[in-house]
Amino acid sequence: MSLSSKLPQVGTTIFTTMSSMAKEAGAINLAQGFPGFSSDPELLDLVRSYTKAGYNQYAPMMGIPELRQKISEKTLLTQAYSPHPDTEVTVVSGATEALFAAIAAVVSLGDEVILLNPAYDSYAPAVILNGGVPVYAALRDKDYAVDWDEILSKVSPATRAIVVNTPHNPSGYVWTKEDVKQLADLVDRTGIYVISDEVYEHITFDDRNHISLGSHPGLRSHTFVCGSFGKTFHVTGWKIGYCIAPVSLMVEFRKIHQYLTFSTVSPMQYALASYLEDKEKYLSLPNFYQKKRDDFVEGLEKTPFKFQSAAGSFFQWVSYAHLSDMSDFELATRMTKELKVACIPFSVFYSDQRDLKRLRFCFAKEKQELDLAVERLCRIHEILV
């Protein structure tokens, strides 16, 4: 008996590939999107205290009430609406689970789902595994702004949903009020659902405000908002996220969630609920990460790369199109092995592997590590052909 793959085109992710290569080469890993520094010792102490106090059994399927309440309060403070903690908030095992469960809740065989190119790599497999058909709409090459004419050209009677990511990985683009309005108009006309990946919600720069799609009255009834404590509090290995959605959608979401992971690690939930008592823990994040972005960008200005400073997330893209015709994967590989700096080739985020001669760096690292990486990147001419 032979096994027929449900994802025949999927192999090892580029993040695993580049991180493994970085480790083998002894390179600075600016490839995979995880912070290169520890979380707040206060949060770690809270985990320790709850673990020792015996909070180690199954949590409720939807998450502990204390954490769901804090998520609701945080949403009210930052987005001016308050999802009901009992019926509209669910704690999950990472935002990737939230995205999968949301897609599974609304997508059936043959349904089309619009994905915005370039896109994070978990979206299309989730659509395909649920019988859906990914339909790609390209963001603008120049700055990764939303091309609404392009999106509208992809809408058909079979369109069931659209997956949105703001702040955007890999480009760092942050949706504007006009973007949100355009999407609300589209949803109003078509009734499609929105799966909104907002894991970098607290990481925006230059006084930009993150606009959660759930905060728009015209979108709220059709939107799943997916968030991540791992990204927010530098604990990506905990795999704790959440989903906010109206009752009608959350009922279906929870049906999927309870058979994916059922519940999420208990002591971490209690620790996060206590930690969120202090709102400055997340309100201070934009300044924290902007300093890292600014330091990294200041360093990049010494290199021959061209770029636009990221508006959000903890990623910065650069272009080398004016320097070389080398493929982005080859350059990323050579940079890892020869310059000892690992990054992600941008083409992997495109469904058609479009090579615009761009690379993505993660700047969520300690300053000395970023400074050393920049020093090495200044020697990029040594490997360009």
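The values are calculated or read from the model by the stated rules, or taken from the named source; none is laboratory data. It should be emphasised that the depicted structure is a prediction, and the values quoted were computed from it without experimental measurement. Positions of Cβ are generated from backbone atoms using ideal geometry, with glycine treated the same way; all protein chains shown enter the neighbour counts.
Which ones in region 334-385 are closer than 19 Å to Asp294 by Cβ and surrounded by fewer than 18 Cβ atoms within 10 Å (Cβ to Cβ)? Passing the criteria: Glu366, Lys367, Gln368, Glu369, Asp371, Leu372, Glu375, Cys378.
For region 84-129, the set of residues classified as of a type outside the set (A, V, I, L, M), part of a strand (DSSP E or B) and within 24 Å of Gly172 (Cβ to Cβ) consists of Asn117 only. When region 46-61 is filtered for residues that are under 29 Å from Thr87 (Cβ atoms) and either touching a residue at least 24 places away in the same chain (Cβ under 8 Å) or surrounded by 12 or more Cβ atoms within 10 Å (Cβ to Cβ) (or both), the ones remaining, listed by number, are Leu46, Val47, Tyr50, Tyr55, Asn56, Gln57, Tyr58, Ala59, Pro60, Met61.
For beta carbons closer than 7 Å, sequence separation of 6+ or different chains, a first residue in region 298-321 that is in contact (Cβ under 8 Å) with a residue 12 or more places away in the chain and more than 17 Å from Thr166 (Cβ to Cβ) and a second that is charged (D, E, K, R) and crowded, with 16+ Cβ neighbours inside 10 Å, the qualifying pairs are Val318/Arg358; Ser319/Lys357; Ser319/Arg358; Tyr320/Lys357; Ala321/Lys357. Among the conditions (1) farther than 21 Å from Leu356 by Cβ; (2) free of Cβ contacts under 8 Å to residues at least 40 places away in the same chain, Lys142 misses just one, which is (1). Of the residues Glu88, Glu73, the single one that is of a type in the set (D, E, K, R), touching a residue at least 60 places away in the same chain (Cβ under 8 Å) and surrounded by 18 or more Cβ atoms within 10 Å (Cβ to Cβ) is Glu88. Return yes when Thr159 is in contact with a helix residue (DSSP H, G or I) (Cβ under 7 Å, 6 or more places away or on another chain), modelled with pLDDT of 95 or more, surrounded by fewer than 24 Cβ atoms within 10 Å (Cβ to Cβ) and over 30 Å from Gln308 (Cβ atoms) and no when it is not. Here the answer is yes, as Thr159 does meet what is asked. Among helices (runs of 4 or more DSSP H) entirely within region 1-79, having at least 1 residues that are at pLDDT below 95 and either not assigned by TED's automatic domain parsing to the domain that holds Val92 or not β-branched (Val, Ile, Thr) (or both) singles out 14-25. Looking at Leu109, is it surrounded by fewer than 18 Cβ atoms within 10 Å (Cβ to Cβ), in contact (Cβ under 8 Å) with a residue 60 or more places away in the chain, assigned by TED's automatic domain parsing to the domain that holds Lys74 and of a type in the set (A, V, I, L, M)? No: the conditions fail for Leu109.
Let me confirm something: among Ser274, Ser309, which residue is small (Gly, Ala, Ser) and in a helix (DSSP H, G or I)? Unique residue meeting the criteria: Ser274. Checked against the criteria, Phe288 counts as surrounded by fewer than 16 Cβ atoms within 10 Å (Cβ to Cβ) and either farther than 20 Å from Ala27 by Cα or modelled with pLDDT under 95 (or both).
When the residues of region 1-24 are narrowed to those that are over 24 Å from Val127 (Cβ atoms) and of a type outside the set (Ser, Thr, Tyr), which ends up surrounded by the most Cβ atoms within 10 Å (Cβ to Cβ)?
In the first step, residues of region 1-24 are kept if they are over 24 Å from Val127 (Cβ atoms); the result is 1-2, 18-24.
From what is left, the residues that are of a type outside the set (Ser, Thr, Tyr) are 1, 18, 21-24.
Numbers: Met1: 3, Met18: 24, Met21: 17, Ala22: 21, Lys23: 12, Glu24: 10.
The residue in question is Met18.
Entry remark, region 115-143: residues being out of contact with any helix residue (DSSP H, G or I) (no Cβ under 9 Å at 6 or more places or on another chain) and among the basic types (Lys, Arg) number 1 in total.
Specify the residue that is farthest from Met18 (Cα to Cα); the eligible residues are those in region 312-350 that are in a loop (DSSP other than H, G, I, E, B) and touching a strand residue (DSSP E or B) at 6+ places or on another chain (Cβ under 8 Å).
His322
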